[in-house]
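The structure appears below as structure tokens.
Coordinate-derived values only; no laboratory data. Treat the numbers as computed from the prediction; the structure is a model and nothing was measured. Methodologically, a virtual Cβ is constructed for each residue, glycine included, from the backbone with ideal geometry; neighbour enumeration extends over all protein chains shown.
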Amino acid sequence: MAPTVFRDGQFRFFFFSREETRIHVHVAHPDGEAKFWLTPHVHFATSTGLDARQLRAAQTIVESHFEEITNAKHHHFGS
């Protein structure tokens with residue numbers, strides 16, 4: 001299961017259930033996908049198919065929705 005946290009433009013931000021415990025968020029886009037670590041600060045982890053501009057845009061969105069993402073993670077996973 002991969003619950004969607006929110007959408008912004010062509011980006012979908014989501015978690016995978018039963019994945020590693022270090023807090024992170026996945027980003028899907030028609031051109032590819034990425035993963036961003038949220039601790040100790042928001043930073044890029046991996047990507048496939050997205051260019052530098054798309055990755056910067058996705059990171060900016062993750063940073064601006066940090067609290068929403070972490071709250072959704074705690075709500076979904078109960079941690």
* Structure fact -> Per the filter on the stretch 16-57, residues part of a strand (DSSP E or B) and among the aromatic types (F, W, Y) are F36, W37, F44
* Structure fact -> Within the stretch 1-35, of all residues that are among the aromatic types (F, W, Y) and in contact (Cβ under 8 Å) with a residue 24 or more places away in the chain, the one surrounded by the fewest Cβ atoms within 10 Å (Cβ to Cβ) is F6
* For the stretch 1-15, which residues satisfy the criterion of being part of a loop (DSSP other than H, G, I, E, B) and closer than 17 Å to R53 by Cβ? -> G9, Q10
* **Whichever residue in the stretch 55-79 is over 13 Å from the mean Cα position of the chain (by Cα) and in contact (Cβ under 8 Å) with a residue 12 or more places away in the chain and, among such residues, is farthest from F6 (Cα to Cα)** => S79
